[in-house]
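Trainee: Right, I'll just put the structure down here and ask away after.
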Protein chains: 2
Amino acid sequence: MLHTLSIRSKEHLLQLLVFAIGVAIWFAPVPEGLKPQAWHLFAIFITAILAVIVNATSILTSSIIASSLAVLTGTLTPQQAYSGFAEDFILLIIVAFLIARGVIKSGLGKRIAFLIIKKFGKSTLGLSYSIIAADMFISPAFPSNTARSGVLFPIVNALAIDSGSKIADGTRKKLGSYLMMSSMAGLTLSSTLWLTAMAANPAGAKMAQSYGVEISYGSWALAASLPILLLFFLVPWILFKIYPPEITKTPNAPKIAQEALTKMGKVSKNEWTMAATFIGMVFLWVMAESFGFNKTAVAFMGLGVLMLSNIFTLEDMKEEGNALGTLIWFAILFSLSVNLDALGFMSWIGSNISAMLVGLSWPFVYLSLILSYVFIHYFFVSQTAQMLALFSVFLGVGINTGVPSELMALMLLFATNFNAIITPQGSSANVIYVGSGYIEAGEIYKVGGIITLVNTLVFLSVGSAWILFIS
Amino acid sequence: MLHTLSIRSKEHLLQLLVFAIGVAIWFAPVPEGLKPQAWHLFAIFITAILAVIVNATSILTSSIIASSLAVLTGTLTPQQAYSGFAEDFILLIIVAFLIARGVIKSGLGKRIAFLIIKKFGKSTLGLSYSIIAADMFISPAFPSNTARSGVLFPIVNALAIDSGSKIADGTRKKLGSYLMMSSMAGLTLSSTLWLTAMAANPAGAKMAQSYGVEISYGSWALAASLPILLLFFLVPWILFKIYPPEITKTPNAPKIAQEALTKMGKVSKNEWTMAATFIGMVFLWVMAESFGFNKTAVAFMGLGVLMLSNIFTLEDMKEEGNALGTLIWFAILFSLSVNLDALGFMSWIGSNISAMLVGLSWPFVYLSLILSYVFIHYFFVSQTAQMLALFSVFLGVGINTGVPSELMALMLLFATNFNAIITPQGSSANVIYVGSGYIEAGEIYKVGGIITLVNTLVFLSVGSAWILFIS
């Protein structure tokens, strides 16, 4: 009589099933070379991820229960389990959320959105290309993809809202979902393109030196240029096919935008304040590395200015519950992932892969290493953490088995960026998009998974050939 | 032409004035015995508090700017400034916030509120007494006043809402504000009454042993009993005079409550689930100390259960922006206060006070020490932190100058609890009430200040005489 069960009962059955799988993993024999604690944490973490993938629970519910179980079973101490809440880059995302509301509310978001629509708004695909192009243009001076997502998101958000695609009335798929997914995918490309577009890139380039690989600003950009150029054209188009917006042609949009701009009239005082605050923040973010400013403190200051100017009010704060939900699940998953790494789980996987590859031909080893590196990202809640944990191990194995060292190093560093859309938590830059409600976590596992695959295939084929050709 | 200025301009003038005071403190000569860093942090912290007291900005705005300045000026590292976000007792409050919504939404809060109104609802004062009595009844088995506030708040909140006193329609002062303030004041009394009603109490009793003072469960309760009994009757009545509810007599309320209960009918499935979850959480919280459970993990588990049962949904989460605001300001002020202590500022104040008291008669020393201890709480964002930082110093100074050791020890430990309502952030138990919106932060500085004064006067007079009499 299973077909007579209500949707709620089916959901509970699915939850029970996922839980049973988790219990089975927990009690399975601990693999050799792993501490029981690492295995138990893995059981909790993978069950939480599985619950989200099969849509048994929301990512928030899943994370909350995972954190609780990790602490109550003694797998993690409370300090370890809650450490993510104090991570400054996570707080940066949350503050960026709040500032995005200021961009919308001040009217500035509307104005910028109308200006973009006026110029590129004849088709949804055109809008998507223009967003990604803008991202690539600002990324060399923006060594934090998290902060960059905080700049792009409010504009994409305003574009969606002003095109009549909103969360509240169920029209997210009209345009908003597609544009958000495009921008998120675009961030993986812009981060891959420049040595200075993501914090882990220069760190990785430095680590490569000890293996005799010299990577300069120019050699990085040259190596990335061809595959990224290809993907720049490919990715928005593929998304258009597999995750289509409901509105595709908007021939009148530029005219409507022009009329709306005329109606908006002169730039208001709030818009000037918002623009000045925003430009100030961006300027300090760009300077952050050189002058040792903390990016989160800069964001807090920006928010403080918006609050003093009544652009962001306590009333606005009340409606930002989503930001809290995001903080909770992201901080929890980050803490679990960091501890999984600290307990040696990640390096255990790395060395197991290495062991399997001994004695095989280099192209096969190269392929296996890159594919493993990409897919292991399912378990990482930080691109930088994965790079720090696995880059050296993988690079060493690759070079030892004969893979050309520059190819191996560059491709691993590129993969650190182009695999970032494989999960909702795969990059802190994703989080602001997911938190908006335009994209469901489950959709990223599917659509983001496909984009990751496309990125990987292009880089493995065209990218590898190109790097071997120029080096 | 100052009178022609708009309200907004006046507000900005006030903000400028407060900022100027802060700058003056920052650049004033650093007092001897203090590191410049400690002085600068003090300047930032006191300016933030001042801005709230004179109502120049909200506590959220003030905290955000303070944190940003502390980091950007290099006074604190980002790690130090954001550490509060990972404190498990702060997360406990935030989760309690979310669970309170479940209590309301499931209908259970309504039912309990109607039952209380049915029995004690003829007057607002009667409701206030019944809430505080309930608190005192459960507190001996509840060694966390934070967790206890999480139990009381949803009931008080339901009482307010079901009496037609709401935030949204501007009727908070009808009944809700008064009941919230009463319950918050009641928590200072219940925490003072029992050795096991607050986490710092048994820790302090243990520290007193090294000064030859033995404090047992019974001797603590006996010493606290008389002044607390007096204050139990006094405090709700004083609040009724200085912070009056707009509705005072509700002779028909019990009848209306009975009718509403009849209309509600049988206890629903959601109410049962909520009740079972809540009782389970309370049971685990009570057991937490003995079995080593983490209270926050228990709360996360409770929230997880409510989410799985759809009593708390993602839609509910969206409206919990206030909880995020609370997390931000409380975590920031806590971090600032902890670091002020770590930089030696607190002990510097303590030793300065000691130095001034050498050679004076013991009753005068006793009075000065207790009053100082009470008022220093303006700078502490944790009762336990103040006790750990100052209890030993103050106790030592007191005993050395001839204050009876038991009197000195007990009174300092009582003061650790009864001064908790002096500021919004003075106890983590306050925070959930302030975050509700029924009480404004500025009101606590005034009304809570008066209650602290009353508590202090009763303890210094009746309390001191009573302790000397029984010992």
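The values are calculated or read from the model by the stated rules, or taken from the named source; none is laboratory data. Nothing here was measured: the structure is a model prediction, and the numbers come from that model. Ideal geometry is used to build each Cβ from the backbone, glycine not excepted, and the neighbour counts take in all protein chains shown. The protein model used for the area step is the full one, side chains on, heavy atoms only, and it has no ligands, DNA or RNA in it. Shrake-Rupley method; radii C 1.70, N 1.55, O 1.52, S 1.80 Å.
Trainee: Using protein chains only and a probe of 1.4 angstrom, how many square angstrom of residue A:462 are accessible, to the nearest 10?
Mentor: Residue A:462 has an accessible surface of roughly 50 Å² with all protein chains in place.
Trainee: What fraction, in whole percent, of alpha-carbon pairs in region A:347-471 exceed 19 Å separation? Display every interim value, and only then the final one.
Mentor: Working: 3717 of 7750 pairs.
Above the 19 Å cut-off, region A:347-471 has 48 percent of its Cα pairs.
Trainee: R0 = 25 Å: FRET efficiency of residue B:14 with residue A:276, Cβ-based, nearest 0.05? Walk me through the intermediate numbers first.
Mentor: Numbers: r = 22 Å, r/R0 = 0.90.
Plugging the Cβ-Cβ distance into 1/(1 + (r/R0)^6) gives 0.65.
Trainee: Excluding residue A:429 itself, what net charge comes from residues whose Cβ is under 11 Å from its Cβ, given Lys and Arg +1 and Asp and Glu -1? Display every interim value, and only then the final one.
Mentor: Numbers: positive: A:148; negative: A:135.
Residues close to residue A:429 contribute a combined charge of 0.
Trainee: In whole Hz and in residue order, list the ³J(HN,Hα) couplings for region A:81-92 that follow from phi through the Karplus curve 6.51 cos²θ - 1.76 cosθ + 1.60, θ = phi - 60°; x for Gly and Pro.
Mentor: So the J values, rounded to whole Hz, are 5, 9, 4, x, 5, 9, 5, 5, 6, 6, 5, 4.
Trainee: Counting only heavy atoms of the protein chains, get the accessible area per residue of chain B (1.4 Å probe) and round it to a whole Å² value.
Mentor: Numbers: 17720 Å² over 471 residues.
About 38 Å² of surface per residue is accessible.
Trainee: Treating only the Cβ atoms of Lys and Arg (+1) and Asp and Glu (-1) as charged, compute the dipole magnitude of chain A about its Cα centre; round to the nearest 20 debye. Before the final figure, lay out each step's value.
Mentor: Values: 25 positive and 20 negative charges, 275 e Å.
It works out to roughly 1320 debye.
Trainee: Let me check something: with ligands and nucleic acids excluded, how do A:377, A:40 order by accessible area (1.4 Å probe), largest to smallest? Intermediate values should be presented prior to the final figure.
Mentor: Numbers: A:377 0, A:40 45 Å².
Reading off the accessible areas and sorting them downward yields A:40, A:377.
Trainee: If each label sits 7 angstrom from Cα along the C-beta direction, how far apart, in nm, is residue B:53 from its counterparts in the other copies?
Mentor: 5.7
Trainee: Picking from B:90, A:170, B:213, whose Cα lies most toward the positive end of the charge dipole for the protein assembly as shown (charges on Cβ: Lys, Arg +1; Asp, Glu -1)?
Mentor: Result: A:170, furthest along the dipole toward the positive end.
Trainee: So for the pair residue B:210, residue A:206, with labels modelled 7 Å out along Cα→Cβ, what separation do we get in nm?
Mentor: That separation, rounded to one decimal, is 4.3 nm.
Trainee: In addition: Ignoring any ligand, DNA or RNA, what whole percent of the accessible area of region B:1-81 comes from carbon and sulfur when the probe is 1.4 angstrom?
Mentor: Values: 2970 of 4150 Å².
Carbon and sulfur: 71 percent of the exposed surface of region B:1-81.
Trainee: Quick one: Karplus J couplings for region A:400-416, per residue in order, coefficients 6.51, -1.76, 1.60, θ = phi - 60°, nearest Hz, x for Gly and Pro?
Mentor: Per-residue couplings from phi come out as 4, 8, x, 5, x, 5, 5, 4, 4, 5, 4, 5, 5, 5, 5, 4, 3 Hz.
Trainee: I'd like to know which of B:447, A:448, B:117 lies farthest towards the positive end of the charge dipole of the protein assembly as shown, counting +1 on Cβ of Lys and Arg and -1 on Cβ of Asp and Glu.
Mentor: Farthest towards the positive pole: B:117.
Trainee: Can I ask one more? Where Rh denotes the Kirkwood radius from the mean inverse Cα pair distance, what is Rg over Rh for region B:69-214?
Mentor: Details: Rg = 18.8 Å, Rh = 17.4 Å.
Ratio of gyration radius to Kirkwood radius: 1.08.
Trainee: If you don't mind, there's one more thing I want to ask. Take every residue in peptide A:293-299, count the Cβ atoms of other chains within 10 Å of its Cβ, and give the average of those counts. Don't jump to the answer; show the numbers that get you there.
Mentor: Working: counts 2, 10, 1, 6, 12, 3, 2.
Taking all residues of A:293-299 together, the mean is 5.
Trainee: Calculate for chain B the 222 nm mean residue ellipticity that helices alone would give, adding -39,500 (n - 2.57) per DSSP H run of length 4 or more and normalising by residue count, nearest 500 deg cm²/dmol.
Mentor: -23000 deg cm²/dmol
Trainee: Along the charge dipole of chain A, Cβ charges K/R +1 and D/E -1, which of A:143, A:326, A:262 sits furthest on the positive end?
Mentor: The one lying farthest along the dipole's positive direction is A:262.
Trainee: How many percent of the alpha carbon pairs in region B:324-383 exceed a separation of 15 Å? Let's see the in-between values first.
Mentor: Working: 1034 of 1770 pairs.
That fraction is 58 percent.
Trainee: Suppose you put the label 7 Å out from Cα in the Cβ direction; list, shortest first and in nm with one decimal, how far residue A:269 is from each other copy's label.
Mentor: Ordered by increasing distance: 5.6 nm.
Trainee: Continuing with this model, one more query. Could you compute how much accessible surface residue A:328 exposes when probed at 1.4 Å, giving the result in Å² to the nearest 10?
Mentor: Residue A:328 exposes around 10 Å² with every protein chain in place.
Trainee: If amide hydrogens are placed 1.01 Å from N in the peptide plane, which non-local residues have theirs closer than 5 Å to the one on residue A:199?
Mentor: A:145
Trainee: Per residue of region B:316-329, what does 6.51 cos²θ - 1.76 cosθ + 1.60 with θ = phi - 60° give for ³J(HN,Hα)? Whole Hz please, x for Gly and Pro, Karplus curve as stated.
Mentor: 4, 4, 3, 8, 9, x, 4, 4, 5, x, 5, 4, 5, 5
Trainee: Ok, one more. Per-residue mean of other chain beta-carbon atoms within 10 angstrom of the beta-carbon, peptide A:82-91?
Mentor: Details: counts 10, 3, 2, 12, 12, 5, 7, 1, 2, 7.
If you average over the peptide's residues, the count of other-chain Cβ atoms is 6.
Trainee: If one computes the Cα centroid of region A:347-421 and of region B:401-471, what distance in Å separates the two points?
Mentor: Cα centroid to Cα centroid, the span is 60 Å.
Trainee: Taking amide H atoms as placed 1.01 Å from N in the peptide plane, list the residues 5 or more away in sequence, or in a different chain, whose amide H sits under 5 Å from that of residue A:123.
Mentor: A:250
Trainee: What FRET efficiency would be calculated for the residue pair residue A:238, residue A:469, taking the C-beta separation as r and a Förster radius of 35 Å, to the nearest 0.05?
Mentor: On the way: r = 25 Å, r/R0 = 0.73.
Here the calculated transfer efficiency is 0.85.
Trainee: Along Cα-to-Cβ, 7 Å out, sits the label point; list in nm, shortest first, how far the one on residue A:8 is from those in the other copies.
Mentor: 4.8
Trainee: Also, I was wondering about something else. Taking a temperature of 37 °C and a viscosity of 0.692 mPa s, what whole-number D in µm²/s does Stokes-Einstein yield for region B:1-81 with Rh from Kirkwood over alpha carbon pairs?
Mentor: Values: Rh = 13.6 Å.
It diffuses with D of about 242 µm²/s by this estimate.
Trainee: Let me ask something else about it. If each of residue B:400 and residue A:255 carries a label point 7 Å out from its Cα toward its Cβ, how far apart are those two points in nm?
Mentor: 8.8
Trainee: Here's another thing I want to ask about it. To the nearest 100 Å², how much accessible surface do chains B and A cover up together, summed over both, with a 1.4 Å probe? Mind dumping the intermediate values first?
Mentor: Working: alone 19750 and 19770 Å², together 35470 Å².
Protein heavy atoms only, the B-A interface buries about 4100 Å².
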